[in-house]
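A.B. asks: Have a look at the structure that comes next, please.
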Amino acid sequence: MSTNQQRGESIVEPRVNRYTDSQPQSATSNRTQYDTVIIYADGSYKCREEIAGIGFLIKSNGGEVIQKETKPVTAETSLETEAKAIKQAIQTALSFNPSHIVAHSDCKSLVEKVTDPNTDSELYDSIQSLIEPIEFVTIKHIDRDRNKHADELAHLALRREEDRVLNKQP
C-alpha cells in the first residue's frame, strides 16, 4: 500500500501528455498558465425541493485563488451534484493549461468512484476522459472542515436557486 493510500488519498496515475507546443492553443490561451492548480469542489442538494448548487475554487500552487464559481445545477441525487461540481471545476481548471491538477472533495463515495479503475460507471469514464490530457492528476478525499469555502459557495448557489424557485423567476 502506498503512502498516499495509507492517508486515504486516491491518485489517478500519471499520463503521458500527448499535446505539444506546436499544436494550436485553446481559445482561453490568453489566460495565465499555472503548472499546478489545486481544486476544492462541493455540491449541495435538497432532495425534497429537487434543487442543487455547486461551488468550487481553484488555487495556484502558491495558494492564490485564481478562480471561484458558484451556480445552480440540475441533479437527481447528491452524488450527481458532487460529481457535477468536480467536473465543472476540472473543466475550468483546464483553461489554465496545468500539467498537474490536485482536486479535493469531501464526498468519499465520489472520490472512490472516480479513482477506481475497476468501477464500471459513467462517472468514472467521464472524469477519466476529462483529465486525459493532463500529465498528473490527484483526486483526494478531505474532511468537510478543509472544504469549507467550497461548501459555502455550493450553499450560496443553492440559496439563490431556492429564492428563484420561491419567487418563480425564470
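A.B. asks: Once you place label points 7 Å from the Cα toward the Cβ at GLU76 and GLN91, how far apart are they in nm?
C.D. replies: 1.9
A.B. asks: Net charge within 12 Å of ASP151 by Cβ-Cβ distance, Lys/Arg positive one each and Asp/Glu negative one each, not counting ASP151 itself?
C.D. replies: Local charge sum for ASP151: -3.
A.B. asks: Moving on to the next point. In percent, how large is the relative contact order of region 31-82, given Cα pairs closer than 8 Å and 6 or more residues apart?
C.D. replies: 37
A.B. asks: If the label point is 7 Å along Cα→Cβ of LYS108, which residues in region 132-152 have backbone nitrogen under 20 Å from it?
C.D. replies: Zone members listed by number: 139-148, 151.
A.B. asks: Excluding GLU122 itself, calculate the net charge of residues whose Cβ lies under 13 Å from the Cβ of GLU122, where each Lys or Arg counts +1 and each Asp or Glu counts -1.
C.D. replies: That sum, taken over residues with Cβ under 13 Å, equals 0.
A.B. asks: Okay, moving on. Below 8 Å between Cα atoms, with a sequence gap of 6+, how large is the relative contact order for region 45-169 in percent?
C.D. replies: The normalised contact order for region 45-169 reaches 33 percent.
A.B. asks: Per residue and in Å³, how big is the convex hull formed by the alpha-carbon atoms of region 68-170?
C.D. replies: Convex hull of Cα atoms, per residue: 113 Å³.
A.B. asks: Moving on. If Lys and Arg each add +1 and Asp and Glu each add -1, what is the summed charge of the other residues whose beta carbon sits under 13 Å from the beta carbon of ALA41?
C.D. replies: Computed value for this residue: +3.
A.B. asks: For THR119 and VAL65 in one chain, what is 0.36 nm times their gap in residues minus the Cα-Cα distance, to one decimal in nm?
C.D. replies: The span from THR119 to VAL65 would gain 16.2 nm if fully extended.
A.B. asks: Then there's this: Bin all alpha-carbon pair distances of region 74-122 at 10 Å intervals from 0 and give each bin's fraction as a whole percent.
C.D. replies: P(r) for region 74-122, in whole percents per bin: 22, 51, 26, 1.
A.B. asks: Looking at region 95-141, which trypsin sites (Lys or Arg not before Pro) are in a loop (DSSP not H, G, I, E or B) and have at most 12 other Cβ atoms within 10 Å?
C.D. replies: none
No value in this document is a laboratory result; all are computed from the given coordinates. In this text, all values refer to a predicted model and were calculated from it rather than measured experimentally. Please note: Cβ atoms are built from the backbone with ideal geometry, for glycine as well, and neighbour counts cover all protein chains shown.
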